[in-house]
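Here is the structure we will look at, set down as structure tokens.
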Amino acid sequence: MIAVIMAAGKGSRLGDYTTNLPKSLLPLNNKGRTLLDYNLDILDQLNVDKILIVTGFNSKLIENHTAKNPKVKIVYNPFWNHCNVLGSLYMALDKIDDDFLFLHADTLAEIDIWQMLMQAKEDMVLPFERKKCGDEEMKVVLDENNMLLDITKEVNPEKSQGEFLGIAKFSKNTVPYFKEKAENFFKEGNLNLYMESAVQSAIANKDIKISVLDILDNKFVEVDFEEDYQKAKKLFGA
């Protein structure tokens, strides 16, 4: 199993916290443990064989921080400021030769969620939290059989069943699909796309098995704003 961590962005919505520091290196406690360290510890518990970290903004700080971890391989995205997550994932695809976990460095989820994810067998497994969403969340829309119909920020919040966590598990069979879909988007000039755009296109592809995973009452937080950061320290700072 491989893990691919998205850590290229600047995290500008956190203001002074990330003026020079990649968001992934924000400390969770006064012992210096960072958001990235939390996720690396989780992946170690899951016995992941290789960890690809896609970097961009101030990459050298992440490179130095992880230099002693033998599982970590840095994949630098030189176009990090001109593309979105799908572009960063594309940079890592040629280095993926196994089933892989996908995660944002700024999303923290407790180990129970990851263990449920590891047990799932479909080609694409997408955890979500049942909740009332607003306009900003990456929303999931399910049919009466809990099959995925839509995964996008643009859908009417009233039609969604909850928020996609930003972590997922994909089979190695999806790597050629992601590569082809990303290249097609880029050729059309669509550089500012999320990974979920490729998943959205896969919904109609009957050769790709997609499932969603309800995280129930398990804890997670995506760190976008200062209030999220404070919540992350409270939930996962021990």
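Things worth noting here:
- Criterion: small (Gly, Ala, Ser), open to solvent by 10 Å² or more (accessible area, probe 1.4 Å) and in contact (Cβ under 8 Å) with a residue 60 or more places away in the chain - qualifying residue of ALA120, ALA105: ALA120
- Checked against the criterion of being among the polar types (S, T, N, Q), at pLDDT below 95 and closer than 23 Å to LEU165 by Cα, the candidates SER24, SER12, SER88 yield just one match: SER12.
- For first residues located in the range 79-94 and hydrophobic (A, V, I, L, M, F, W, C), partners that are open to solvent by 50 Å² or more (accessible area, probe 1.4 Å) and not in a loop (DSSP other than H, G, I, E, B) and lie 6+ apart or on another chain with Cβ distances below 6 Å form the pairs LEU93/LYS179.
- Every listed requirement among (1) out of contact with any Leu (no Cβ under 9 Å at 6 or more places or on another chain); (2) touching a residue at least 60 places away in the same chain (Cβ under 8 Å); (3) of a type in the set (S, T, N, Q) is met by SER211 save one, (1).
- Test: LYS172 is closer than 30 Å to ASP112 by Cβ, open to solvent by 30 Å² or more (accessible area, probe 1.4 Å) and modelled with pLDDT of 95 or more: yes
- Members of the range 160-210 that are among the aromatic types (Phe, Trp, Tyr) and in contact with a Cys (Cβ under 9 Å, 6 or more places away or on another chain): PHE186
- Hits in the range 45-92 - residues which are open to solvent by 50 Å² or more (accessible area, probe 1.4 Å), of a type in the set (Ser, Thr, Tyr) and farther than 26 Å from GLN119 by Cα: TYR76
- Being touching a residue at least 24 places away in the same chain (Cβ under 8 Å), surrounded by 18 or more Cβ atoms within 10 Å (Cβ to Cβ), hydroxyl-bearing (Ser, Thr, Tyr) and outside any helix (DSSP H, G or I) is a property that does not hold for TYR177.
- With respect to the conditions (1) more than 16 Å from the chain's Cα centre (by Cα); (2) in contact (Cβ under 8 Å) with a residue 60 or more places away in the chain, LYS60 falls short on a single one, namely (2).
- Applying the criterion of being outside any helix (DSSP H, G or I) and closer than 15 Å to GLU63 by Cα to the residues of the range 10-25, the residue that is nearest to the chain's Cα centre (by Cα) is PRO22.
- Residues that are of a type in the set (A, V, I, L, M, F, W, C) and closer than 23 Å to ASN84 by Cα within the range 213-238 comprise PHE220, VAL221, VAL223, PHE225, listed in sequence order.
- Considering the range 93-102, the residues that are open to solvent by less than 10 Å² (accessible area, probe 1.4 Å) and more than 18 Å from SER24 (Cα to Cα) include one that is nearest to the chain's Cα centre (by Cα), namely PHE100.
- Per-region count, the range 151-174, residues of a type outside the set (Lys, Arg), touching a residue at least 60 places away in the same chain (Cβ under 8 Å) and either over 19 Å from THR107 (Cβ atoms) or not in a loop (DSSP other than H, G, I, E, B) (or both): 4
- Among helices (runs of 4 or more DSSP H) entirely within the range 38-150, having at least 1 residues that are more than 27 Å from LYS10 (Cα to Cα) singles out 111-119.
The values are calculated or read from the model by the stated rules, or taken from the named source; none is laboratory data. The shown structure was predicted, so the numbers you read here are calculated from the model rather than taken from an experiment. A quick note on method: Cβ atoms are made from the backbone with ideal geometry, for glycine too, and the neighbour counts reach across all protein chains shown. Surface areas here come from the heavy atoms of the whole protein model, side chains and all, with no ligands, DNA or RNA. Shrake-Rupley method; radii C 1.70, N 1.55, O 1.52, S 1.80 Å.
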